[in-house]
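Q: I'd like to ask some things about the structure below.
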Amino acid sequence: MCGIVGYTGKESALSPVLEGLRRLEYRGYDSAGIALVVKKGDPLWLEKRAGKLGNLESILDSVPESHSGIGHTRWATHGGPTDVNAHPHVDNEGKLALIHNGIIENYVELKAMLTARGHIFKSETDTESVVHLLSDARKAHNGDLAAAMREVCGELRGSFTLLAVHSDEPGRIVGARRNSPLVVGVGDGENFLASDVSAFIAHTKRALELGQDEVVDITADSIVITDLAGTVLPHREYEISWDASAAERGGYAHFMLKEIYEQPKSIADTLIGRTAGLDASITAGIDLQGIEKVVIIGCGTAYNAGLVGKYAIEKWANISVDVELASEYRYREPSVDNKTLLIPISQSGETMDTLMAMRYAREKGARVFSVCNTNGSTIPRESDAVLYTHAGPEIAVASTKAFTAQLVAMYLLALHLGKVRGFISADLENEIERELTDLPGKVEQVLETVEPLRALTRQFKDATSVLFLGRHVGFPTALEGALKLKELAYMHAEGFAGGELKHGPIALIDQGTPVVAIMPTENSLLAEKMASNIQEVKARGAIIIAIADAPLASADHLIRIPKTHEFLQPVLAVVPLQVISYEMAIARGNDVDQPRNLAKSVTVE
Ligand code: M6R
């Protein structure tokens, strides 16, 4: 939540800052602002506007020359999305500017103290307390912004990424992070700070990780990282494995559409070198034989991927698995010990709910094997082992290719556990590995047949409610279909287990209610049961849109997908669901890539 970018170097700062904001806008889009250092000692140049970045861009004429600046795109927490509440916030002299991602929990007491000291507040944000605090601390440290930042971080409670500039020190940007992301981009005669690497990928592929409670002090040709005590820390550098084109729309109308069509590749990339099994070294240090329980945690789409993982791990590795919403897990203080294997799933690797739940379990002794799409992010950094998905950057707020890559990762992980624990048979293992190898081609086949979904979706554009039914791994698929439709079409949508229908949800069915049924594989026991569930809702007026790998006479509309192993079916079945949600968002005139009220990376609890 909130995108943050800082640039110092040879170029005119406006251009890389704006470019960074464009690439980070998916992280929050209810207001945006920029502060530039123009002339030593003068007030900073500052512009900020409520609404999308375009509102800010439309007023950016005659911007003065500058070689250092910071920019912010906001997802509001404290204070509504107004011009005044937009970041950057400045001190009362207009010479110090600060941007923030996160929540300052003790801002009320800080504000009272700072107001008593004579500071004048203009906004309703928690962030403004920090700029005034930093202003005082900087004076106390004889104008040393980095020393001031270290002191201020020690006084803050909550989560934050902070970037600050002061006009007395053109070319210098100081940042800090706690429980919120910040990376350094290492350039040639220029350096960058940003919430994620996409902000500067067009300029450099060299990035530095920043740890918890670290302060970074950059100029065009220096980068100093310290802890809060001021001890200088070594650089942890890594190379970004994708290039700028991966973070661009590349001719597609929306990032979401591009990402849906990238799935054959992202699945293949996630499988590369792994179809014959994961390398044993991946879990070195975790005694998988001694594990007595697996707990999978995640939020939203990642949680749904975890539910599919449960079916596979229990069946192939014979271990009991709980799947928990990360936001609920930590606060009910579940019993965890060193026989628990915790599997956090996260595309961003920065989701605060998942991170906090993971830290809780780790403190209790759990071993952590995370599944993540973002190199260098906090969740993998704090894990004992990591299985990276290779979906590439996912920019659209609605997750698509990250989900199917997470499913593939869960299958790989389940196979690995099954093998290490000597449970899975060689025949089944070979069959799954063969089917995994075939998945990219089968997803391609599904994508070749989705065109009719456009017209079909429009037929239901005014429905008040859409229900999704599934059984076994089709149930989490139904949940994911409903989640996609909610977040993109702003329609009421619910996913149900087919067997639960008669226990309440069937009362929702009315004449013409669209029901999307994810049919289990042909001839499986559950296919018959699901067919009965379909008859039950059809008899009450529902219109059935079935996703199936075989003909289905009772379907009003049939979307055929190729056959695969029954556990792998969600990878194929979810693709038409993604397309339906995409088309529905368009049919209803919604913003596909930036749905209302949402942000891509949820870095506050
Ligand atoms: O980055 P994460 O995978 O941890 O994000 C978790 C959820 O916020 C995310 O999957 C969300 O539900 C998606 N926007 C849904 O499309």
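Q: For Cα pairs less than 8 Å apart in space and 6+ apart in sequence, what is the mean separation divided by the residue count of segment 211-271, i.e. the relative contact order in percent?
A: This gives 15 percent for segment 211-271.
Q: Still on this model: Over the chain, one equal point on each Cα, no solvent: what is log10 I(q)/I(0) by the Debye formula at q = 0.11 Å⁻¹?
A: So the normalised log intensities are -1.03.
Q: If you don't mind, there's one more thing I want to ask. Give the residue from His235, Met584, Thr77 lying farthest towards the positive end of the charge dipole for the chain; charges sit on Cβ (+1 for Lys and Arg, -1 for Asp and Glu) and the dipole is referred to the Cα centre.
A: My answer, from the dipole projection, is Met584.
Q: Sorted by mean Cβ packing within 10 Å, highest first, what order do the peptides 557-569, 293-305, 397-409, 235-247 take?
A: Output ranking for 557-569, 293-305, 397-409, 235-247: 397-409, 293-305, 557-569, 235-247.
Q: Please work out the Cα center distance from segment 390-468 to segment 535-562, rounded to the nearest Å.
A: So the separation of the two Cα centres works out to 20 Å.
Q: Relative contact order of the chain: what whole-number percent is it, with Cα pairs under 8 angstrom and at least 6 residues apart?
A: Across the chain, relative contact order equals 12 percent.
Q: Let me understand segment 104-241 better: what is its radius of gyration from the alpha carbons, and its Dmax, in angstrom?
A: 15.3, 50
Q: Also: With Cβ to Cβ distances under 12 Å as the rule, what net charge do the other residues near Gly28 carry (K, R +1; D, E -1)?
A: +2
Q: Sticking with this one: Sort 459-471, 37-49 for me by packing, meaning the mean count of neighbouring Cβ atoms within 10 Å per residue, highest on top.
A: 459-471, 37-49
Q: Further question: Based on alpha-carbon centroids, what's the gap between segment 342-374 and segment 34-107 in Å, whole number please?
A: If you average the Cα positions of each part, the centres end up 33 Å apart.
Q: With unit charges on the beta carbons (Lys and Arg positive, Asp and Glu negative) and the dipole taken about the Cα centre of segment 337-386, which residue among Gly365, Ile343, Ser377 sits farthest to the positive side?
A: Gly365
Q: For Leu447 paired with Asp510, estimate the spin-label separation in nm (one decimal), with each label point 7 Å from Cα along the Cα-to-Cβ line.
A: About 3.9 nm separates the two model spin labels.
Q: So for segment 379-536, averaging the separation of alpha carbon pairs under 8 Å that are six or more residues apart and normalising by length, what relative contact order in percent results?
A: Relative contact order for segment 379-536 comes out at 18 percent.
Q: Evaluated at 4 °C with a viscosity of 1.567 mPa s, what Stokes-Einstein diffusion coefficient in µm²/s does segment 248-389 have when Rh comes from the Kirkwood expression over alpha-carbon pairs?
A: In µm²/s, the coefficient is 82.
Q: If you don't mind, another one. Please report the orientation-averaged projected area of segment 463-605, defined via the convex hull of its C-alpha atoms, in nm².
A: Seen from a random direction, the Cα hull of segment 463-605 projects 9.2 nm² on average.
Q: Here is a follow-up. What dipole magnitude, in Debye to the nearest 20, does the chain give about its Cα centre under +1 on Lys/Arg Cβ and -1 on Asp/Glu Cβ?
A: 740
Q: Follow-up question, since we're still on this one. For the peptides 3-10, 381-388, what is the packing order when you average, over each peptide's residues, the other Cβ atoms within 10 Å and list the highest mean first?
A: Per-residue mean Cβ counts within 10 Å order the peptides as 3-10, 381-388.
Only the coordinates and a few stated rules stand behind these numbers; no lab work does. Just so you know, these numbers come straight off a predicted model, no measurement behind them. Here the Cβ is made from the backbone with ideal geometry for all residues, glycine too, and neighbour counts use every protein chain on show.
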